[in-house]
Amino acid sequence: MKIDWKRNLLISWVGCFFTGASFSLVMPFIPLYIEELGAPESQIELFSGLAISVTAFAAAIIAPVWGNLADQKGRRLMMIRAAAGMTVTMGSLAFVPNVYWLLIMRFFTGILSGYIPNATALIASQVPREKAVGRLGHWLQEPSQGI
């Protein structure tokens with residue numbers, strides 16, 4: 001079966017764009033949202049730092065598990081798992097009743113993350129070797145142009 005790496009690259013790029021955008025666009029508004037949730041003014045910075053860092057902490061702890069599972073079950077399945085999981089957890093942030101639930105959902109966002117590393121690994125394994133450098137975004141030129 002021939003792998004359509006160009007289609008997979010496009011789908012992975014779109015997914016990585018939305019994943020990165022969702023993480024980046026949420027960050028500046030977390031302190032405002034925490035204030036809106038009724039946290040004491042003196043603790044907004046604390047809860048903001050926790051809400052941002054708990055996601056990275058959870059992702060760092062669980063990443064080896066997801067990586068091992070991706071090696072066993074497939075990267076595409078792990079990309080679907082991460083996309084679905086993060087859609088639910090990021091979407092649920094709009095409905096949390098207080099800052100503690102925000103922290104819990106941000107933790108689960110980190111637990112269920114892993115789309116971008118899996119997308120990168122999937123494309124790296126599918127793109128023809130002579131086009132890999134340019135397609136993976138490390139360089140703007142093709143390898144044949146002197147890189």
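Bear in mind these aren't lab numbers, they're just calculated from the coordinates by the rules spelled out. Just so it is clear, the model here is predicted, and its values are computed rather than measured. Counting neighbours? That spans all protein chains shown, and the Cβs are built from the backbone with ideal geometry, glycine included.
Within 10 Å of each residue's Cβ, count the other Cβ atoms and sort Val99, Val65 from fewest upward.
Values: Val99 23, Val65 11.
The fewest-first ordering by Cβ neighbours comes to Val65, Val99.
Inter-label distance, Trp13 to Tyr100: 4.6 nm, where each label sits 7 Å from its Cα along the C-beta direction.
How would Met27, Met79, Met105 line up from fewest to most surrounding beta-carbon atoms within 10 angstrom?
Working: Met27 12, Met79 25, Met105 22.
With the fewest neighbours first, Met27, Met79, Met105 line up as Met27, Met105, Met79.
The relative contact order of the chain, computed from alpha carbon pairs under 8 Å that lie at least 6 residues apart in sequence, is 29 percent.
Each of Ala84 and Ala21 was given a label point 7 Å from its Cα along the Cα-to-Cβ line. The distance between the two points is 2.3 nm.
Neighbour counts of other C-beta atoms within 10 Å: give me Tyr33, Tyr115, Tyr100 arranged from fewest to most. Display every interim value, and only then the final one.
On the way: Tyr33 19, Tyr115 24, Tyr100 12.
In order of increasing Cβ crowding within 10 Å: Tyr100, Tyr33, Tyr115.
If Lys and Arg each add +1 and Asp and Glu each add -1, what is the summed charge of the other residues whose beta carbon sits under 15 Å from the beta carbon of Trp66? Cβ neighbours under 15 Å give a net charge of +3. Dividing the summed helix terms, -39500 (n - 2.57) for each DSSP H run of n ≥ 4, by the number of residues in the chain produces a 222 nm estimate of -23500 deg cm²/dmol to the nearest 500.
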